[in-house]
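> Just passing along the structure, written as structure tokens.
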Amino acid sequence: MFAIGLDIGTTSTIGILIELPNRVAAIAARPAALRSPHPGWAEADPLQWWANVGEICRELLDADPRARDALTGIGVAGMLPALVLLDATGTPLRPSIQQSDARCDAELAELIARTDTARFLAIAGNGLNQQVAAGKLHWLARHEPAVLAQAKTLLGSYDYISYRLTGVPGVERNWALEAGFLDLQTGLVSDELVELAGIAPGLLPKVRAGHDLLGTVTPEAAAHTGLPAGLPVIAGSADHIASAYAAGLVQEGDVLLKFGGSADILMASRTARPDQRLYLDYHSVPGLYVPNGCMASGGSMLNWLAEILAPGEDRPHARLDALAAAIPAGSEGVAVLPYPLGEKSPLHDPLARATFTGLSLNHGAGHLWRATLESIGLALRHHAEVFREIGHPINRLLASDGGSRSLVWMQIVADIFGQPIRVLTDHPGSCLGAAWLAAIGTGASRDWHGVTNFVGAGRVLHPNPAHAAAYDLQYGRFRSLYSQLRPWFAMPG
């Protein structure tokens with residue numbers, strides 16, 4: 001028996017074909033473009049995602065023809081809470097507005113000024129911040145009113161692909177929660193939160209849990225993808241939740257550091273403790289929660305820097321890692337704020353920007369690269385500090401996704417945290433969690449933890465005690481640098 005999982009990511013679309021109980025049959029990927037036509041903007045083309053899905057599904061099925069007659073279902077994961085507005089025909093009205101988009105700082109400030117933010121946090125489980133859809137929707141009302149007037153349906157990234165597969169509009173509950181529409185206590189859409197966003201309630205389709213059945217593949221979608229018509233499609237999952245689920249994040253105090261286009265830190269908890277600095281999601285496994293943080297940029301900043309430092313090279317990251325490995329901890333005074341798209345948690349400052357400081361003529365590419373690797377690790381340490389403050393102990397660190405293949409970077413992070421990190425191997429990412437949810441949702445498996453059979457335990461990197469003092473000093477400077485530059489970031493122009 002087989003299942004397919006898709007991941008609608010920031011820079012790529014990825015698909016996986018798994019054979020139950022524990023074999024990865026095939027993986028396929030296509031690039032996806034992240035567009036930033038103005039400072040702080042982050043947009044993507046939903047039609048490109050759909051085109052990618054068509055090619056990926058055909059490639060997966062061609063890789064193991066047995067799967068065509070033995071598919072149990074398909075699930076889709078994706079970044080959240082991206083906003084995809086559809087007209088009456090189901091056509092996107094504009095590019096999606098991504099979760100890392102920071103265009104709505106003025107509208108967000110206005111919302112915060114007139115809202116009881118403590119009450120918002122108590123209802124929504126998340127603070128009123130850049131991530132919440134309300135600010136972006138008010139921006140659209142102000143700057144693109146014609147688009148909002150034509151909108152009939154509001155979906156997330158993975159919800160849009162599930163809609164294209166089934167013809168059934170719906171949103172997965174973590175999209176609704178992080179977008180700021182769901183009442184954490186009841187699990188239902190809150191009329192009060194919808195009113196705050198300034199939209200008609202009818203714009204939001206039904207909310208479902210990730211393993212719930214959404215619908216089945218339509219004949220039109222079957223023609224596009226090569227999937228069999230009638231194949232069950234589940235509601236899907238937020239990408240970071242699906243990835244953490246597949247990584248085995250199920251015990252209290254388990255923490256996953258996820259190094260993708262953004263950098264995420266996620267924890268398994270039996271208790272929901274809303275805090276405005278963090279995000280809160282439902283775990284894929286019923287009864288658990290995932291307090292988490294997400295940086296607006298991680299690997300995307302490294303990719304940008306690699307293009308500048310090593311233009312045209314085939315494997316620039318590996319060469320730059322080698323240069324960075326020769327630089328002492330602390331990068332000989334070079335410090336970086338990794339905020340090219342503003343910052344989400346725990347700062348929630350859409351006006352923040354990336355900076356390089358402490359440069360002198362003796363510094364080279366290795367210093368710039370290492371300082372950037374360190375900066376992302378320091379930002380994740382800031383999140384960990386917040387976790388501990390609100391009563392979430394950190395017992396075990398896991399690392400996954402593309403950036404975790406850089407052992408130079410992972411050693412830096414272990415040194416910054418002062419804790420061992422297990423670097424997972426053969427973790428395909430969010431697509432695996434989505435595929436296993438499809439297996440659960442269609443009844444092909446009842447083992448919620450069976451997804452971990454596909455992921456290798458990997459090696460453990462232990463912190464170097466000799467670097468502890470340097471990184472304690474660097475962390476203090478990192479926190480101080482943002483505090484001092486924050487007023488400058490807020491200056492007009």
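Coordinate-derived values only; no laboratory data. Fair warning: this is a prediction, and the values are worked out from it, not measured in the lab. A quick note on method: Cβ atoms are made from the backbone with ideal geometry, for glycine too, and the neighbour counts reach across all protein chains shown.
> Quickly work out the Gln251-to-Asp191 label distance, labels modelled 7 Å from Cα along the C-beta direction, and quote it in nm with one decimal.
Distance between the two pseudo-spin positions: 4.6 nm.
> I've got another one for you. If all Cα-Cα distances of the range 1-132 are sorted into 5 Å bins from 0 onward, what percent lands in each bin, rounded to whole numbers?
For the range 1-132, the binned pair fractions read 2, 9, 16, 15, 14, 13, 12, 8, 6, 4, 2, 0 percent.
> Continuing with this model, one more query. What area, in nm² and to one decimal, does the C-alpha convex hull of the range 56-190 cast on average over all directions?
So the Cα hull casts an average projection of 9.9 nm².
> To the nearest µm²/s, what D does Stokes-Einstein give for the range 357-414 at 10 °C and 1.306 mPa s, using the Kirkwood radius over alpha carbon pairs as Rh?
Taking Rh from Cα pairs, D becomes 120 µm²/s.
> Can I ask one more? I'd like the antiparallel share, as a percent to the nearest 5, of DSSP beta bridges with both residues in the chain.
Of the beta bridges lying entirely in the chain, close to 70 percent run antiparallel.
> Give the distance, in whole Å, between the Cα centre of the range 55-128 and the Cα centre of the range 396-473.
After rounding, the separation between the Cα centres reads 24 Å.
> Quote to one decimal, in nm, the extra length available between Leu47 and Val24 on full extension: 0.36 nm per residue of separation minus the C-alpha distance between them.
My answer for the length gained is 5.5 nm.
> What shape does the range 293-332 have by the C-alpha gyration tensor, where a ≥ b ≥ c are the square roots of the eigenvalues, rounded means a/c under 1.5, and otherwise prolate means a/b greater than b/c and oblate the rest?
Cα axes put the range 293-332 in the oblate bin.
> Roughly how big is the chain's charge dipole about its Cα centre, with Cβ charges of +1 (Lys, Arg) and -1 (Asp, Glu), in debye to the nearest 20?
Charge dipole of the chain: 400 debye, to the nearest 20.
> Evaluate the distance, in nm, between pseudo-label points positioned 7 Å from the Cα of Glu313 and of Lys152 along their respective Cα→Cβ axes.
Taking the two extended label points, one gets 5.2 nm.
> Which whole-Hz ³J(HN,Hα) couplings does the range 273-285 yield from phi under the Karplus relation 6.51 cos²θ - 1.76 cosθ + 1.60, θ = phi - 60°, glycine and proline marked x?
10, x, 9, 5, 7, 10, 10, 9, 10, 7, 6, 5, 7
> What does the charge count near Lys206 come to, summing +1 for each Lys or Arg and -1 for each Asp or Glu among other residues with Cβ under 11 Å from its Cβ?
Local charge sum for Lys206: -1.
> Here is a further query. Could you give the alpha-carbon Rg of the range 139-270 over 2.2 N^0.38 Å, rounded to two decimals?
Here the Cα radius of gyration is 1.20 times the empirical estimate.
> Starting from the Cα gyration tensor of the range 177-224, multiply each eigenvalue by 5, take the square root, and state the resulting semi-axes largest first in whole Å.
Here the semi-axes work out to 28, 14, 8 Å.
> Averaged across orientations, what area in nm² does the convex hull of the alpha carbons in the chain project?
Approximately 21.5 nm², given one-decimal rounding.
> Expressed in whole Å with the largest first, what are the equivalent ellipsoid semi-axes of the range 187-257 derived from the C-alpha gyration tensor as the square root of 5 times each eigenvalue?
They are 27, 25, 10 Å, listed largest first.
> Distance in nm between label sites at Arg396 and Asp447, each 7 Å beyond Cα in the beta-carbon direction?
1.7
> Report the gain in length on full extension from Leu407 to Asn362: 0.36 nm times residue separation, minus Cα-Cα distance, nm rounded to one decimal.
This chain segment gains 13.6 nm when fully extended.
> Take the Cα gyration tensor of the range 2-240, multiply each eigenvalue by 5, square-root it, and list the three semi-axes largest first, rounded to whole angstrom.
Over the Cα atoms of the range 2-240, the ellipsoid semi-axes are 32, 18, 15 Å.
> Still on this structure, I have one more. Above 16 Å lies some portion of the pair distances; for the range 256-362, what is it as a whole percent of all C-alpha pairs?
Looking at the range 256-362, the distances longer than 16 Å represent 69 percent of pairs.
> Could you give the distance between the Cα centres of the range 247-290 and the range 305-342, to the whole Å?
The distance from the Cα centre of the range 247-290 to that of the range 305-342 comes to 29 Å.
> If you look at just the Cα atoms of the range 315-440, how large are its Rg and its Dmax in Å?
16.5, 58
> When the helix-only estimate is applied to the chain (DSSP H runs of n ≥ 4, each -39,500 (n - 2.57), divided by the residue count), what is the mean residue ellipticity at 222 nm, nearest 500 deg cm²/dmol?
-11500 deg cm²/dmol
> Would you mind getting the Kirkwood hydrodynamic radius of the range 1-73 from its Cα pairs, rounded to one decimal in Å?
Answer for the range 1-73: a Kirkwood hydrodynamic radius of 13.2 Å.
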